[in-house]
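A short worksheet on the structure shown next.
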Amino acid sequence: MQERTVLLLVVVLVTATAGAGVAVNALRPTDSSPWRSFDVSIDRTGNPVVGSKLNFSVSVRQGTVDPKTLWAVYLSLDMGSMDIVSSTPGTNPWGYRTVWNLTSLDLTATRVFTATGIPTQNGSAMVYAMIWVPQGDLNSVSVDAQGHVNPAGVSLMSVQSDSFWVGPPA
């Protein structure tokens, strides 16, 4: 009799565990897309050779974070060793052409920021678009003369990169 009770208890526990597993999977969200604070993409046009213009478009859209809820949020485009010849106008305390202030912008629709650069070195090249929030006040953010933002002083919200090969001048 005691063996039957133990066997019945085991069957009930196994059934309950299986039922709980099915219930958890049934209640799990079906959206398999990863969590993103912002949706960022980089598009490039032009001939990637030393001395030729390359045009970059950075598309930004609000993901799960509304930039209006952050005290300060910026987009920067690190173009490596390229000479920057033009960019979408923007304001930032560092005065760099490829750093844009996203604070208080409505990003429910995609906004596009552009920059044009001329590669100065052949070989492998990489461009980074980063959305970030300063960890301290704005003076705590390190931006060098080329406009490279040091990620050590910021909290990265989103990063996108584009790698490509730059050929020698024709």
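The values are calculated or read from the model by the stated rules, or taken from the named source; none is laboratory data. None of these values were measured; they are calculated from a predicted model. Because the Cβ atoms are built from the backbone with ideal geometry, glycine has one as well, and the counts that use them run over all protein chains shown. Surface accessibility is based on the protein's heavy atoms, side chains included, excluding ligands, DNA and RNA. Shrake-Rupley method; radii C 1.70, N 1.55, O 1.52, S 1.80 Å.
Is at least one residue of segment 116-138 part of a strand (DSSP E or B), among the aliphatic types (A, V, I, L, M) and open to solvent by 30 Å² or more (accessible area, probe 1.4 Å)?
Looking through segment 116-138, at least one residue is part of a strand (DSSP E or B), among the aliphatic types (A, V, I, L, M) and open to solvent by 30 Å² or more (accessible area, probe 1.4 Å).
Does Gly90 satisfy the criteria of being open to solvent by less than 60 Å² (accessible area, probe 1.4 Å), at pLDDT below 90 and not in a strand (DSSP E or B)?
On the way: open to solvent by less than 60 Å² (accessible area, probe 1.4 Å): yes; at pLDDT below 90: yes; not in a strand (DSSP E or B): yes.
So Gly90 fits the description; yes.
Six or more apart or on different chains, Cβ under 6 Å: which pairs go from a residue in segment 58-73 that's farther than 15 Å from Leu156 by Cβ to one that's assigned to a strand (DSSP E or B) and of a type in the set (Asp, Glu)? Could you list them?
If the second residue must be assigned to a strand (DSSP E or B) and of a type in the set (Asp, Glu), the pairs left are Arg61/Asp39.
Tell me which residues, restricted to segment 78-87, are of a type in the set (Gly, Ala, Ser) and either assigned to a loop (DSSP other than H, G, I, E, B) or over 20 Å from the mean Cα position of the chain (by Cα) (or both).
Gly80, Ser81, Ser86
For Val73, which of the numbered conditions (1) under 19 Å from Phe56 (Cα atoms); (2) β-branched (Val, Ile, Thr); (3) under 16 Å from the mean Cα position of the chain (by Cα) fails to hold?
For Val73, the exception is condition (1).
Just to be sure, is Asn101 under 19 Å from Phe56 (Cβ atoms), surrounded by 12 or more Cβ atoms within 10 Å (Cβ to Cβ) and out of contact with any Pro (no Cβ under 7 Å at 6 or more places or on another chain)?
In short, yes.
If Leu156 meets every condition in (1) assigned to a loop (DSSP other than H, G, I, E, B); (2) open to solvent by 60 Å² or more (accessible area, probe 1.4 Å); (3) at pLDDT 90 or above apart from one, which number is that one?
Answer for Leu156: the failing condition is (1).
(1) farther than 25 Å from Gly63 by Cα; (2) surrounded by 13 or more Cβ atoms within 10 Å (Cβ to Cβ); (3) not hydroxyl-bearing (Ser, Thr, Tyr): which one isn't true of Asp162, the others all being true?
Going through the list (1) farther than 25 Å from Gly63 by Cα; (2) surrounded by 13 or more Cβ atoms within 10 Å (Cβ to Cβ); (3) not hydroxyl-bearing (Ser, Thr, Tyr), Asp162 breaks only (1).
Restricted to segment 139-153, and to residues that are assigned to a loop (DSSP other than H, G, I, E, B) and small (Gly, Ala, Ser), which residue is surrounded by the most Cβ atoms within 10 Å (Cβ to Cβ)? Outline the logic, then answer.
Initial filter on segment 139-153 (assigned to a loop (DSSP other than H, G, I, E, B)): 141-142, 144-148, 150.
Narrowing further to those that are small (Gly, Ala, Ser): 142, 145, 147.
Details: Ser142: 13, Ala145: 6, Gly147: 20.
The extreme case among them is Gly147.
Just checking, does segment 62-79 include any residue being over 18 Å from Phe38 (Cβ atoms) and surrounded by fewer than 14 Cβ atoms within 10 Å (Cβ to Cβ)?
no
Could you pull out the residue among Leu138, Leu105 that is in contact (Cβ under 8 Å) with a residue 12 or more places away in the chain and either more than 23 Å from Ser41 (Cβ to Cβ) or in contact with a Leu (Cβ under 8 Å, 6 or more places away or on another chain) (or both)?
Of Leu138, Leu105, the one residue that is in contact (Cβ under 8 Å) with a residue 12 or more places away in the chain and either more than 23 Å from Ser41 (Cβ to Cβ) or in contact with a Leu (Cβ under 8 Å, 6 or more places away or on another chain) (or both) is Leu138.
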